[in-house]
Amino acid sequence: MAATASVQAHVAAPVERPTTLFVNGQAWLTVQTTPQDLADWAVGRLCGEGLIAGPEEIRALTVDEAGQRVLASLWRTRHASPLSPVAPGPRVTAAQLVGWMHEMLRQAPLYRATGGMHVAMAVRADTGEQIVREDIGRHQAVDKVLGAAWLAGWPPAQVVVLTSGRISAEMCGRVARFGAPVCASRTAATDQAWALATKLGMDLVGYVRTAVSLIVYTTGNHVARRIEA
């Protein structure tokens with residue numbers, strides 16, 4: 001028992017809580033999430049799923065951390081439209097991606113303290129501005145940075161999204177609905193994410209640790225314009 005108490009005293013455990021997102025009074029979604037930046041998460045998830053076209057369609061948003069819920073009142077709800085190709089984006093070098101990945105990890109205290117968190121970053125390529133968010137789930141971390149970028153009014157075509165976790169087709173779709181042309185991971189992208197990104201004109205980049213380890217999954221003229229080794 002003493003040994004267990006000693007371990008607990010010296011190890012920071014990742015925090016997760018079931019959080020429910022209510023839309024116009026109805027429970028819409030419950031996920032395990034880290035209870036911080038929940039307004040960003042709600043906006044990112046609502047926009048990423050196509051329920052709204054942007055934050056301006058939210059009439060009111062209330063975060064109740066004690067009750068583990070977020071209440072969103074929308075002016076209207078939409079039927080999610082099919083994903084559309086993203087607009088061409090900026091030229092991004094391998095060195096920039098590696099530098100941004102290192103900076104993302106540097107700005108992630110929970111990730112460093114626990115070793116069990118995920119972190120995501122949105123970079124505005126034309127200004128160098130950065131948004132970093134952390135969460136127990138890789139999808140929730142990406143939702144948070146997308147929501148924060150939406151709320152900040154960033155032009156989607158200038159946004160590069162980075163994540164510590166695997167890029168799934170679901171994550172790729174939400175990044176595409178935001179309109180970011182580049183999504184990069186410290187690990188891998190799935191085959192379906194690769195296929196979807198190719199269809200939508202996105203660039204997916206994996207294993208962004210060094211310029212040597214970096215893999216550009218997508219190929220074609222637009223990749224050559226935006227990703228340079």
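What ³J(HN,Hα) values, in whole Hz, does the Karplus curve 6.51 cos²θ - 1.76 cosθ + 1.60 give for region 76-81 when θ = phi - 60°, with x put for Gly and Pro?
Using θ = phi - 60°, the values come out as 7, 10, 10, 8, 4, 7 Hz.
Rounding to the nearest 20 debye, state how big the charge dipole of the chain is about its Cα centre with +1 on each Lys and Arg Cβ and -1 on each Asp and Glu Cβ.
300 debye
Can you give me the long-range amide H partners of Gly137? Hydrogens built in the peptide plane at 1.01 Å from N, cutoff under 5 Å, separation of 5 or more residues or another chain.
Counting only residues 5 or more places away or on other chains, the set is Thr34, His118.
Using alpha-carbon positions, what is the distance between the centroids of region 130-166 and region 98-121, in Å?
If you average the Cα positions of each part, the centres end up 13 Å apart.
Which value, in debye to the nearest 20, gives the size of the charge dipole of region 92-228 about its Cα centre, when Lys and Arg are +1 and Asp and Glu are -1 at the Cβ? Walk me through the numbers before you get to the answer.
Numbers: 14 positive and 10 negative charges, 21 e Å.
Rounded to the nearest 20 debye, it is 100 debye.
By average Cβ neighbour count within 10 Å, what is the ranking of 96-102, 20-26, 199-205, 143-149 from highest down? Before the final figure, lay out the partial values.
Values: 96-102: 18.4, 20-26: 14.4, 199-205: 21.6, 143-149: 28.4.
By packing density, highest mean first, the sequence is 143-149, 199-205, 96-102, 20-26.
What percent antiparallel are the DSSP beta bridges of region 92-228, to the nearest 5? Mind showing how you got there, number by number?
Working: 13 of 24 bridges.
Taking every DSSP beta bridge within region 92-228, about 55 percent pair in antiparallel fashion.
Above 31 Å lies some portion of the pair distances; for the chain, what is it as a whole percent of all C-alpha pairs? Intermediate values should be presented prior to the final figure.
Working: 5600 of 26106 pairs.
I get 21 percent for the Cα pairs in the chain exceeding 31 Å.
Given charges of +1 on the Cβ of Lys and Arg and -1 on the Cβ of Asp and Glu, with all other atoms neutral, how large is the dipole of region 17-74 about its Cα centre, in debye to the nearest 20? Don't skip to the answer; put the middle values down first.
Values: 4 positive and 7 negative charges, 36 e Å.
Dipole about the Cα centre, nearest 20: 180 debye.
The numbers here are math on the coordinates, done by the rules we state, and not lab data. These numbers come from a predicted model, not from an experiment. Here Cβ is always computed from backbone atoms with ideal geometry, including for glycine, and neighbour counts include all displayed protein chains.
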